[in-house]
Amino acid sequence: WALAVERVRYVGEPVAVVVAEDRYIAEDALDLIRVDYEVRPAVVEIDVALSGESPLLHDAVGSNVVSDRHFSYGAPDAIFPGSLRVTTTVHYPRNSCSPMECAVVIAEYLGEDEGYEALSNFMGPFSLHAVMALALKVPGNKLRHKVPRDSGGSFGVKQAVFPYVVLMCLAARKAGAPVKWVEDRLEHLSAATSATARLATVAADVRDDGRILALHWDQVDEVGAYLRAPEPATFYRMHGCLTGAYDIPNLKVRNRVVVTNKTPTGLVRGFGGPQVYYALERLLDRIAIELKMDPVEFRLKNAVRQG
């Protein structure tokens, strides 16, 4: 949904749209809207969302864990004689970025035969075109989505304009006229998408000569109030890179996704990479200390060889 339905799940979630002849009238009309909220318990921490005792964000799901997947490559559960297991847990916080210009959407309803035409400064328009068309309940060829030649910065954050494209298309249909929405800086700071926070516990089975034999990941991504497309892409963009630059033959992974009362997450430059590499390199430093090895020498011993 492009607007909150019955329940608001994060600060900044849209609840109403005002359409007016100019921005000044729209701002004045917006001030006349009053919303009475019944305060509910909020879930804001990953470990709380993981517990079965946390308030549910989505009753129909029955859990705040909305995805739980397991992967295994090689023989990570094998017994490695003489090996040492080193473990670390890293909490990677949410992070975001401020583009030079905020989101802009111009939308028009062209009728049942033609559908919708929209222009927005969206980064990568084809990736979520199908999602927008499905939300509008039209075939893909009845949503013409255009982007300008230049878009002032993004670093991934502007993929999150797509709910507002849907919303403005509906507003244009309701108003019977083209509509334009320009996100102001305060709106962006309060409700823009961010990168996922991740709680990662990663362990390695390593020989005393420094050779890593297996890697075990237990990762939990916090995606905000909704698992919104293209998430959980932050996990799976990096799925083939979980051993980093290192030749580690055995790998075991558990990926969980939890929802919390925060803005939905999405793509922020390098999405998924920092969450993996920060935890992995932190673990390698801990192993080097444990084995009393030079951290560079230890990494070179495990690096993928040429060819």
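The values are calculated or read from the model by the stated rules, or taken from the named source; none is laboratory data. Because the structure is predicted, anything quoted here is derived from the model rather than measured. Methodologically, a virtual Cβ is constructed for each residue, glycine included, from the backbone with ideal geometry; neighbour enumeration extends over all protein chains shown. Accessible surface is based on the protein model in full, side chains and every heavy atom, while ligands, DNA and RNA are left aside. Shrake-Rupley method; radii C 1.70, N 1.55, O 1.52, S 1.80 Å.
Stretching L291 away from R94 to a fully extended chain increases their span by 67.7 nm, per 0.36 nm per residue minus the current alpha-carbon distance. Lys-Lys pairs in the chain that are eight or more residues apart or on separate chains and whose Cα atoms lie under 21 Å of each other come to 9. In the full protein context, the range 1-79 carries 76 Å² of accessible surface per residue, based on a 1.4 Å probe and ignoring ligands, DNA and RNA. Note on the chain: dipole from Cβ charges, positive end direction compared against L283, P14, Y92; the farthest Cα belongs to L283. Surface analysis of the range 176-307 yields an accessible area of 42 Å² per residue, using protein heavy atoms and a 1.4 Å probe. Surface composition of the range 1-111: carbon and sulfur atoms hold 54% of the protein heavy-atom accessible area at a 1.4 Å probe. With all protein chains in place and a 1.4 Å probe, the accessible surface of the range 189-264 carries 51 percent carbon and sulfur.
With charges only on Cβ, +1 for K and R and -1 for D and E, what is the dipole size of the chain about its Cα centre, in debye, rounded to 20? That gives a dipole near 860 debye. Using just its DSSP H runs of length 4 or more, each adding -39500 (n - 2.57), the chain gives a mean residue ellipticity at 222 nm of -7000 deg cm²/dmol after division by all residues. Sorting L300, L267 by solvent-accessible area of protein heavy atoms yields L300, L267, largest first, with a 1.4 Å probe. Looking at the range 95-157, the accessible area is 56 square angstrom per residue; that uses a 1.4 Å probe and ignores ligands, DNA and RNA. Taking every DSSP bridge with both residues inside the range 1-150, close to 60 percent are antiparallel.
Antiparallel as a % of all DSSP beta bridges within the range 148-264, to the nearest 5? Here the antiparallel bridges make up roughly 55 percent for the range 148-264.
Look at the dipole of the chain built from charges on Cβ: of Q306, F162, G270, the Cα furthest out on the positive end belongs to Q306.
Put simply, the amide H of A214, placed in the peptide plane, has neighbours under 5 Å in D205, leaving out anything fewer than 5 places away on its chain. Applying a DSSP loop filter and a limit of 13 other Cβ atoms within 10 Å to the GluC sites (Glu not before Pro) in the range 69-118 leaves E112, E114.
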